[in-house]
Ligand code: TYD
Ligand code: MG
């Protein structure tokens, strides 16, 4: 019999302590520490272990499967993010806020795969079978042979999966509802989530099924409890969206079998999630072309160019410490761009309140957006609208120079395709001669600023 030992575990970060405290030492969260029973390992005793295999020479594997075997859903926005489909024998975690559409996405994926003849099992711990069926009929997929189960007990789930034939894909919705009787803690606690996830990951490796775990995320962007699961699984995908918008963005943050910088864009409609093949058109759809403080950034998300509108509002501040509010971009980079504008371009902007927003709820992490941000800021400050058919991209250096960024050709092509005719960027070397765009190349940010202000 394995002995159980009490431990105090922070439900936010998984930090383990020997006694209870009001505040976690690890992450600083209040009231997040819960007593849990953990297998101490004592009592299981050292058993005699016999070798069950021997190491294999790497070279002898040459010619074996060179590529991970994948099951493609045919939902190309999803397949793009997973790197070409779910990998056989892998475990993935799909995280996101409650109500963002995780169950909808995965039910659609399950139905698509089942319709292609794969054996798909969808296990819901949150909804009864009738509710899942109701959702399926809303999505128009109620006639697909997806195997449904409503269960939360891990051992029962494993037994159910044994009897389900050899499943290709198993979806567990959600990891927070799972519990195993090997431990005493309540469902949803870190130990339960971790142990259940471990059991399901082991099942994936053993059976060769692709296992997808669904996890709810807390407001601050952490997967509640299952943060610890991120290390165990092969891929972590986040499903995000901005309140008030119908777009949903699926983003890979970890992928052992592919790139992590790809995004998939969906639109939530009344018949479920619709793929958005051309996100730029969607993000620019509601742009007011005459507005000041609006610049179009030609960005890249993974291998795909995405054009988005960057909006800035610069207004005189009544406060001693002016306000800075940024949505969709990095606060520190905004401060940097402001400092460069002040120091190298003679733009007196620092004493104003500054608001910056990436339209459409997209989050940009590329330094290439510096130039578009600078253009939007100067446009708002000087009350001069930017040309409606211009795009901006380039990294601004601390010395006030503009540096070229990767994939310039792809960005330009996308901009041209969407009807833009001018691109302001750094000096580029090899640009496709077939391009009919007007290039406004600048060495210094000050050049561009003077050009905008002179309008
Ligand atoms: P859901 O997939 O249940 O979210 P999660 O599993 O991430 O908690 O999505 C629920 C939301 O999606 C709900 O607010 C209703 C909306 N929705 C639609 O707008 N259209 C649809 O066809 C479906 C199925 C859901
Ligand atoms: Mg759900």
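Relative to the longest principal axis of the Cα atoms of the chain, the long axis of helix 408-417 lies at roughly 80 degrees.
If you restrict to DSSP beta bridges whose two residues both lie in the chain, what percentage is antiparallel, to the nearest 5? Intermediate values should be presented prior to the final figure.
Details: 46 of 85 bridges.
If we restrict to bridges inside the chain, about 55 percent are antiparallel.
What number, in percent, do you get for the relative contact order of the chain if the mean sequence gap of Cα pairs under 8 Å and at least 6 apart is divided by its residue count?
That works out to 12 percent.
Angle of helix 331-345 to the longest C-alpha principal axis of the chain, folded into 0 to 90 degrees and rounded to 10: 20°.
Counting neighbouring beta carbons within 10 Å and listing from fewest to most, the residues 20, 179 come out as 20, 179. At q = 0.08 Å⁻¹, what is the base-10 log of I(q)/I(0) for the chain according to the Debye formula with one equal point scatterer per Cα and no solvent? Please give it to two decimals. Cα-only, vacuum Debye calculation for the chain: -0.59.
Only Cα pairs under 8 Å and 6+ residues apart enter the sum, and on that basis the relative contact order of region 225-335 stands at 15 percent. For the chain, the 222 nm mean residue ellipticity estimated from helices alone, with every DSSP H stretch of n ≥ 4 adding -39500 (n - 2.57) and the total spread over all residues, rounds to -7500 deg cm²/dmol. For region 69-277, the gyration tensor built on C-alpha atoms gives a rounded shape. Its axis ratio a/c (a ≥ b ≥ c) stays under 1.5.
The angle separating the long axis of helix 102-115 from the principal Cα axis of greatest extent in the chain is about 70 degrees. Measuring nothing but how far apart in sequence close Cα pairs (under 8 Å, 6+ apart) lie, relative to its length, region 282-453 scores a relative contact order of 25 percent.
The numbers here are math on the coordinates, done by the rules we state, and not lab data. Bear in mind the structure is a predicted one, so any value in this text is a computation, not a measurement. Note that we place each Cβ from the backbone using ideal geometry, even for glycine, and neighbour counts take in every protein chain shown.
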